[in-house]
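Colleague: Input: one structure, supplied below.
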Amino acid sequence: MAEKIPDYSTLELLAGKLKNTRMRSTLSLEEISRKLMIQKRHLEEIEAGSLHFLPKAYVFTYVKKYAEELGVHDQEVFERCRRELQLVHTPQKKGLFFR
C-alpha cells in the first residue's frame with residue numbers, strides 16, 4: 001500500500017524553509033526579532049507552521065519580511081501564499097510621491 005504524501009500548503013513549506021535557512025545561517029531568533037522588529041514568539045509560530053496567531057494580513061507581512069531578510073524571497077511563492085490566505089492584492093497607484 002502506498003504511503004499517503006502529506007498535502008502541505010505553500011505557507012507551511014515556506015515556514016520550514018525559513019527555519020532551515022535561519023539555522024544554517026547561525027542567526028538566532030532574537031537577532032532576527034530585533035532587526036525586523038517582530039516579536040520572537042511570532043517568529044517561533046511562523047517556524048512551527050502555526051500561522052493562525054494573528055490576522056492573515058499580519059501573518060503574510062511577517063512571513064514576507066522574514067523571507068526577504070533571509071534571502072528566501074520569490075514573488076511567485078508570495079503570490080501563492082497571498083492566495084492561500086485569501087488576501088486581495090491591490091497594486092499601489094503611482095502618483096506624485098510614489099514612483
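What follows draws every value from the coordinates through simple rules; no lab data is involved. What you are looking at is a predicted structure, and each value in this text was computed from that prediction instead of being measured. Don't worry about glycine lacking a Cβ; one is built from the backbone with ideal geometry, like all the others, and counts go over all protein chains shown.
Colleague: Being of a type outside the set (A, V, I, L, M, F, W, C), out of contact with any helix residue (DSSP H, G or I) (no Cβ under 8 Å at 6 or more places or on another chain), at negative phi and touching a residue at least 12 places away in the same chain (Cβ under 8 Å) narrows it down to one of Lys65, Lys35, Lys56, so name that one.
Modeller: Numbers: Lys65 fails: out of contact with any helix residue (DSSP H, G or I) (no Cβ under 8 Å at 6 or more places or on another chain); Lys35 fails: out of contact with any helix residue (DSSP H, G or I) (no Cβ under 8 Å at 6 or more places or on another chain).
Exactly one of Lys65, Lys35, Lys56 is of a type outside the set (A, V, I, L, M, F, W, C), out of contact with any helix residue (DSSP H, G or I) (no Cβ under 8 Å at 6 or more places or on another chain), at negative phi and touching a residue at least 12 places away in the same chain (Cβ under 8 Å), namely Lys56.
Colleague: Does Ser28 count as farther than 20 Å from Arg82 by Cβ, among the small types (Gly, Ala, Ser) and surrounded by fewer than 17 Cβ atoms within 10 Å (Cβ to Cβ)? First the steps, then the outcome.
Modeller: On the way: farther than 20 Å from Arg82 by Cβ: yes; among the small types (Gly, Ala, Ser): yes; surrounded by fewer than 17 Cβ atoms within 10 Å (Cβ to Cβ): yes.
Judged against the criteria, Ser28 is a match.
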